[in-house]
Amino acid sequence: MGKSHAQAHIMMVAFPMQGHVIPLLELAQVLATHGIRTTFVNTDMVHDRVVNSLAGESLVGFVSVPDGLEPHERYVPGKLTEAVYTILPGKVQALIREINDGEDRHIKVSCLVYDQSIGSLHQVARDTGIRSVAFLPAAAALLVLGLHIPQLLRDGIIDDQVAGNPLDSSPLQLAPTMPIVNPTHFVWHTVRNTTLQKLILDVMRQNNHSINSADWVICNSARDLEPGASTLAPQITFVGPLLASNRLADSAGQFYQHDKDSLEWLDQQPPSSVIYVSFGSYAILGPAQFQKLALGLELTNRPFLWVVRPDAMPEVGKPEFPNGFLERTKSQGRIVGWANQQKVLSHPSVACFVSHCGWNSTLESVSNGVPMLCWPCYADQFINQSYICDIWRVGLQLGRDNGVIFPFDEIKEKIDRVVGDEELKGRALQLKEVMGHGAREGGTSYQNLKNFITWLHE
Ligand code: UDX
């Protein structure tokens, strides 16, 4: 194991999806400002977009490796995931060897920080004789669920034949303050594609090895948010939320250009009035549901800022709004392809976040004291919804079932309830305080990050 390097040099590998790149790059920026040399590995697919997202000079270095896929294959469900697991580890190993077998001993890579979902990178670190750090961009509760897969199988809650299909539909809570999850919403079971489901279940089981053997497992979450998960998985070090605002900087690593005028538009709206709507970087609504959401927003008669990605409706090409909707709502709402979300959520005009409950969106909302209307679509988003609605009680859920089309009047009614619920708002503001405290000097996440940086320098 490398000790006493002239300068610590770490290699960081994200899963090449938006929600994974943003928090790991945020960590890279923090480490770089503490004198740690960081080399951030992208796949070719996202490399240019990540590098272009950085304004001016970056302290973080970037390299890109091929993912072995043809462009059209990247959109076939499961193909990217499969490529990341099978091809990326070999590429990263070659990169480390190339650097560490080179002439300049001062730039040798001493540590690999990798997305926890690519657990085989732990072995790459071990094989190349460097330190191994798993990074979890999601809730610690997700990792706890992964660690409990053997028990879920033993207890007959999921089967081993059809890749973890639920055998029992009773909601499960692994400990008090842990999310309450129906087995039909276990991460692997939300993808509705048996091959991918099997792949995810297998990978989560295999990753338990790296979780139990890595030198550090660091999580973009706060211990105060997840005390139950912290007890069940004591190997996790909480360092979150990793937000650009903590560095007084702009969020980096965005794959898309954000709308430049949203903040100015928000400035013109009354305080606590705007409904912000975003489904993250990947989730999509079917055309019928999309139209119901549009009509629900219109019916609220409240100002709204709605992120509709250009790829939000792949079945029909471009997004299709209800007849006359754009004309009728042009002074009520603003529709953008991508927003500077971290800034939007910190704007005083925002009253409610209608969200798919991706973990980054959840953290960003909670850190700004914005109550949420939860609309989870897949993966860990149901776990996050339960935290928001059942445990922290800073949001309401639209419904428990995926696959159901929510009517527009229900969407309007739930938005009104979130905006009008003073207790919800009060709890959201309290949680914001707790989060702020943890990330500031003297707080748990702050101290944990400091300890981690000290260790990297050793
Ligand atoms: C995915 C999963 O959904 C999430 O649960 C997992 O933990 C990480 O990967 P994604 O679906 O994209 O991510 O959602 P989310 O985790 O919320 O990340 C989206 C990121 O993009 C956030 O940091 C958000 O601020 C940013 N974003 C989104 C923008 O900056 N602008 C937008 O318009 C939309």
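The values are calculated or read from the model by the stated rules, or taken from the named source; none is laboratory data. None of these values were measured; they are calculated from a predicted model. Neighbour counts run over all protein chains shown; Cβ positions are idealised from the backbone, glycine included. Side chains are part of the model used for accessible areas, which takes the heavy atoms of the whole protein and leaves out ligands, DNA and RNA. Shrake-Rupley method; radii C 1.70, N 1.55, O 1.52, S 1.80 Å.
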#### Entry: T33 - accessible surface, heavy atoms, 1.4 Å probe, Å² rounded to 10
90
### Task
Starting from the Cα-Cα distance between Q332 and Y256, subtract it from 0.36 nm times their residue separation and give me the gain in nm to one decimal.
24.9 nm
### Task
Could you rank C377, C357 by how accessible they are, 1.4 Å probe, largest area first?
C377, C357
### Query
Helix 88-100 sits at what angle to the longest principal axis of the chain, using alpha carbons and giving 0 to 90 degrees rounded to 10?
40
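Counting only protein chains, not ligands or nucleic acids, how are E320, E264 ordered by accessible area (probe 1.4 Å), most first?
Values: E320 90, E264 115 Å².
The residues order as E264, E320, largest area first.
From the helices alone, meaning DSSP H stretches of at least four residues, give me the mean residue ellipticity at 222 nm for the chain, per-run term -39500 (n - 2.57), in deg cm²/dmol to the nearest 500.
The per-residue figure over the chain is -11500 deg cm²/dmol.
Apply the a/c threshold of 1.5 to the C-alpha gyration tensor of segment 321-383 and tell me whether it is rounded, prolate or oblate. Could you put the intermediate results ahead of the total?
Working: a/c = 2.41, a/b = 1.46, b/c = 1.65.
It is oblate, given that a/c is not under 1.5 and a/b is not larger than b/c.
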### Query
With every protein chain left in place, what is the accessible area per residue of the chain in square angstrom, probe 1.4 Å?
42
### Cα convex hull of segment 262-435 - mean projected area over all directions, nm²
9.0
### Message
When a/c reaches 1.5 or more, the comparison of a/b and b/c decides; with that in mind, is segment 23-129 rounded, prolate or oblate per its Cα gyration tensor?
### Response
oblate
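Suppose we flag trypsin sites (Lys or Arg not before Pro) only when DSSP calls them loop and at most 13 other Cβ atoms lie within 10 Å. Which is the longest uninterrupted stretch of the chain?
Numbers: sites that count: K3, R192, K260, K330, R440.
Counting at most 13 other Cβ atoms within 10 Å as exposed, the longest clean stretch of the chain is 4-191.
Evaluate the relative contact order of segment 262-435 (contact order divided by residue number), counting alpha-carbon pairs under 8 angstrom at least 6 apart; express in whole percent. Don't jump to the answer; show the numbers that get you there.
Values: 306 pairs, mean separation 45.0, N = 174.
Relative contact order for segment 262-435 comes out at 26 percent.
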### Task
Could you tell me which of W359, V316, G426 has its Cα farthest along the dipole of segment 315-432 towards the positive end, charges placed at Cβ (Lys, Arg +1; Asp, Glu -1), taken about the Cα centre?
G426
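Below 8 Å, C-alpha to C-alpha, sequence gap of six or more: please give me the relative contact order for segment 336-430 in percent. Could the numbers behind the result be given before it?
Working: 123 pairs, mean separation 26.4, N = 95.
It rounds to 28 percent for segment 336-430.
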### Query
What FRET efficiency would be calculated for the residue pair L153, E413, taking the C-beta separation as r and a Förster radius of 41 Å, to the nearest 0.05?
0.50
### Message
Taking the alpha-carbon distance from K198 and a cut-off under 29 Å, which lysines remain once sequence neighbours fewer than 8 residues away in the same chain are dropped?
### Response
K79, K91
### Protein accessible area in the chain, 1.4 Å probe - carbon and sulfur %
51
### Message
With just the Cα atoms defining each centre, how far is segment 42-116 from segment 366-444? Give it in Å.
### Response
34
### Query
Over the chain, what is the percentage of antiparallel beta bridges among all DSSP beta bridges, to the nearest 5?
5
### Query
Tell me, what is the 1.4 Å probe accessible area of D224, in Å² to the nearest 10?
80
### Spatially proximal aspartates and glutamates relative to K450 (Cα-Cα < 13 Å; intrachain offsets below 8 disregarded)
E441, E458
### Task
Beyond 43 Å, what share of the Cα-Cα pairs of the chain is found? Please give it as a whole percent.
11
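I need to check one value: relative contact order of the chain, counting alpha carbon pairs closer than 8 Å and at least 6 residues apart, in percent.
Numbers: 845 pairs, mean separation 73.8, N = 458.
Answer for the chain is 16 percent.
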### Summary
Measure of exposure for I99: accessible area at 1.4 Å probe, Å² rounded to 10, is 40
### Task
Under a cut-off of 30 Å between alpha-carbon atoms, report the lysines in cross-link reach of K260, not counting same-chain residues fewer than 8 places apart.
K292, K318, K330, K343, K412, K414, K425, K432
### Message
Order V84, V191 by their accessible area, 1.4 angstrom probe, all chains in place, largest first.
### Response
V191, V84
